Amino acid sequence: INAEYMGVFEFTLVPLVLFCADFQQRAKPLDMETLEMELGSRDADAVGNGAFLSLPLAFLQTHPYVAHQLLGLATVVVVFRAVESFAALRGMKGGEDKKPMPDWAQRLLRASFLLGAFGPFCWHYFFPYLGIAMLIYAIPFLDLSELYLTRLPRARSWWVWKLFPTWYFRGTLVKTADLDPHRPYVFGVHPHGILPFMGVACVATDACGFKKLFPGVHVRGLAASFCFYLPVYRDICLGVGIIDAARATARRALTSGNSLFLVPGGATEALYVDNDKDILDLRRRQGFIKLAIQEGATLVPVFSFNEASTFSVFSVDNTIVRWIKSRFQAVFGISLPLIKSPFPRRAKITTVVGAPVPTPHNPHPSDQLVDETLTRYIDALSKLYEEHAPLYNDRPRTLEIR
């Protein structure tokens with residue numbers, strides 16, 4: 001299952017499936033006497049006269065758990081829409097022109113999502129067992145480990161990670177240059193694709209031997225804030241060292257002796273997936289360049305060949321579809337590509353770690369310095385692609401950097 005969108009599917013589709021299943025099981029021919037008992041004679045007459053709106057009202061009255069779930073979902077949507085202007089779900093809070101949201105607001109958002117999206121379902125179907133378990137789980141769920149790096153990445157070396165990249169995707173990690181373990185690095189992983197499976201797996205875990213190839217380099221990953229609103233998926237991210245993509249959190253990681261990896265193209269790049277091209281949204285992505293300059297971290301380009309082969313997408317050029325995608329991305333910080341199958345195809349993905357790009361250290365870099373460093377980074381990435389694409393691409397592809 002597409003894990004990044006699993007939470008969205010779960011709290012929207014599960015209630016709908018339960019609604020349909022329960023309706024099918026309980027549905028009976030229209031009985032006026034029964035409706036008179038549940039709705040009153042006036043409403044029953046309205047149904048008989050064709051006012052079919054009374055039918056769903058009757059269902060909600062006799063099935064309060066459905067009404068509670070819909071109310072919870074509506075609450076989540078309203079809260080998230082209200083905080084959209086703060087970019088709280090897009091990993092951008094705490095930028096140079098914005099102050100970080102206070103901890104109480106962070107916890108309030110997470111609690112509203114957990115209780116609003118999953119609370120009614122757990123309460124009505126599994127109370128008291130799952131309901132009580134959810135309340136207990138809320139304690140570590142609200143600890144803000146993704147912001148303050150308080151949870152150690154103890155799951156990076158688990159053997160289970162080797163099954164996914166090495167067996168399903170037949171992935172390998174290729175080293176082109178040594179890295180000094182005493183310096184901080186910012187790894188730019190490309191491309192994003194629908195989901196950057198191997199690019200993240202090879203750097204975030206030891207499934208492909210990252211620790212052996214680059215001893216002493218301790219890496220933390222950055223992910224959209226919405227990933228940490230999804231129960232269980234949040235714990236998986238924290239277990240392998242992935243943290244919130246807020247600027248304040250990224251700087252905290254670098255100043256504490258860690259290196260960082262991120263996917264600069266982000267959610268927008270997922271909408272550009274093309275089986276005949278590797279399309280990168282990079283020329284406007286100056287944030288990670290500026291961060292590296294400010295913190296004195298060295299930039300390292302990383303490219304995963306055949307990442308775009310894992311999914312096929314529908315190409316729908318429709319105004320309504322584009323609007324839905326843009327609003328979804330504006331609120332949640334993740335894209336909504338139209339994939340033909342929720343399951344990725346098997347592909348041989350090779351992740352190549354390029355040579356370090358010399359990066360100046362300047363706490364207050366000018367726009368010109370950031371642009372020049374970005375240009376040198378793009379040149380190094382293009383050279384990496386040209387040298388290794390003939391060796392690892394499964395079909396002829398060209399690199400397009402936008």
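The values are calculated or read from the model by the stated rules, or taken from the named source; none is laboratory data. No experiment lies behind these values; they were computed from the predicted model shown. FYI the Cβ positions are ideal-geometry reconstructions off the backbone, even for glycines, and counts take in every protein chain you see. Quick note on the areas: whole protein, heavy atoms, side chains included, nothing else; ligands and nucleic acids left out. Shrake-Rupley method; radii C 1.70, N 1.55, O 1.52, S 1.80 Å.
This table checks each residue for (1) hydrophobic (A, V, I, L, M, F, W, C); (2) at pLDDT 90 or above.
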| residue | (1), (2) |
| --- | --- |
| L299 | yes, yes |
| V302 | yes, yes |
| R327 | no, no |
| Y377 | no, yes |
| E387 | no, yes |
| R397 | no, no |
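Just need a number here: residues in segment 131-167 that are among the hydroxyl-bearing types (S, T, Y), out of contact with any helix residue (DSSP H, G or I) (no Cβ under 9 Å at 6 or more places or on another chain) and touching a residue at least 40 places away in the same chain (Cβ under 8 Å). Quick ask: steps written out before the conclusion?
In the first step, residues of segment 131-167 are kept if they are among the hydroxyl-bearing types (S, T, Y); the result is 137, 145, 148, 150, 157, 166.
Cutting the leftovers down to out of contact with any helix residue (DSSP H, G or I) (no Cβ under 9 Å at 6 or more places or on another chain) gives us 150, 166.
This time we only want the ones that are touching a residue at least 40 places away in the same chain (Cβ under 8 Å), so: 166.
Residues meeting the conditions: 1.
Given the criteria touching a residue at least 24 places away in the same chain (Cβ under 8 Å) and in a helix (DSSP H, G or I), does A248 qualify? Steps first, answer last, please.
Values: touching a residue at least 24 places away in the same chain (Cβ under 8 Å): yes; in a helix (DSSP H, G or I): yes.
In short, yes.
Working only within segment 180-230, note down all residues that are in a strand (DSSP E or B) and under 17 Å from the mean Cα position of the chain (by Cα). Full working, then the answer.
If we filter segment 180-230 for residues that are in a strand (DSSP E or B), which is where we start, we get 185-190, 219-223.
Answer for segment 180-230, where residues must be in a strand (DSSP E or B) and under 17 Å from the mean Cα position of the chain (by Cα): G188, V189, H190, R220, G221, L222, A223.
Can you tell me which residues in segment 165-192 are touching a strand residue (DSSP E or B) at 6+ places or on another chain (Cβ under 7 Å) and within 26 Å of R251 (Cβ to Cβ)? Talk me through it step by step, then tell me what you get.
Filtering segment 165-192 down to residues touching a strand residue (DSSP E or B) at 6+ places or on another chain (Cβ under 7 Å) leaves 171-176, 179, 183-191.
Passing the criteria: L179, R183, P184, Y185, V186, F187, G188, V189, H190, P191.
Would you mind telling me which numbered condition in (1) touching a Ser or Thr at 6+ places or on another chain (Cβ under 9 Å); (2) open to solvent by less than 10 Å² (accessible area, probe 1.4 Å); (3) closer than 30 Å to H361 by Cα L173 fails?
The failed condition is (2).
Across segment 366-402, what is the total count of residues that are assigned to a helix (DSSP H, G or I) and closer than 21 Å to S309 by Cβ?
Selection size over segment 366-402: 11.
What are the pairs, 6+ residues apart or on separate chains, where a residue within segment 176-204 that is of a type in the set (S, T, Y) has its Cβ under 8 Å from a residue that is assigned to a loop (DSSP other than H, G, I, E, B)?
Short answer, once both residue conditions are applied: T176/G354; T176/A355; Y185/L179; Y185/V217; Y185/A297; Y185/P356.
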